[in-house]
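Chemist: Would you mind keeping the following structure in view while I ask a few things?
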Amino acid sequence: MAADITVDGVDLNDLCLWCSENITDYDQIISEFGEWMHIGFTLSTPRKQLLTAVKMGVKTVYNQGIA
């Protein structure tokens, strides 16, 4: 249960932070490569993770927080 989202005219970090403050039951919100937001949900207890995905060479690294 997840979606990748962009909103024309809205800064990606602002979108991620707005969602984290206004959607109470998300599992993960990930700012992915400065291009889109990934939001995931779970049927178990949500982890409420805020992450930023970046490429380091060919590897994807997930850093804590929205940057």
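The values are calculated or read from the model by the stated rules, or taken from the named source; none is laboratory data. All values reported here derive from a predicted model rather than from experimental measurement. Glycine also receives a Cβ, built like all others from the backbone with ideal geometry; neighbour counts cover every protein chain displayed. For the accessible areas, the whole protein counts, side chains as well, though only heavy atoms, and no ligand, DNA or RNA atoms are used. Shrake-Rupley method; radii C 1.70, N 1.55, O 1.52, S 1.80 Å.
Chemist: What are the pairs with Cβ atoms under 9 angstrom where one residue, in the range 14-41, is in contact (Cβ under 8 Å) with a residue 40 or more places away in the chain and the other, located anywhere, is open to solvent by 40 Å² or more (accessible area, probe 1.4 Å) and among the charged types (D, E, K, R)? Sequence gap at least six, or different chains.
Modeler: Matching pairs, first to second residue: SER20/LYS48; PHE41/ASP25.
Chemist: Which members of the range 1-39 meet the condition of being touching a Leu at 6+ places or on another chain (Cβ under 9 Å), surrounded by fewer than 15 Cβ atoms within 10 Å (Cβ to Cβ) and among the small types (Gly, Ala, Ser)?
Modeler: GLY34
Chemist: Among the numbered conditions (1) touching a helix residue (DSSP H, G or I) at 6+ places or on another chain (Cβ under 6 Å); (2) loosely packed, with under 11 Cβ neighbours inside 10 Å; (3) not hydrophobic (A, V, I, L, M, F, W, C), tell me where LYS55 comes up short.
Modeler: (1)
Chemist: Which ones in the range 1-29 are aromatic (Phe, Trp, Tyr) and in contact with a Ser or Thr (Cβ under 8 Å, 6 or more places away or on another chain)?
Modeler: Scanning the range 1-29 gives a single hit, TYR26.
Chemist: Name the pairs: first residue in the range 46-67 and within 17 Å of TRP18 (Cβ to Cβ) and assigned to a loop (DSSP other than H, G, I, E, B), second residue of a type in the set (Ser, Thr, Tyr) and open to solvent by 50 Å² or more (accessible area, probe 1.4 Å), Cβ to Cβ under 8 Å, at least 6 apart or on different chains?
Modeler: none
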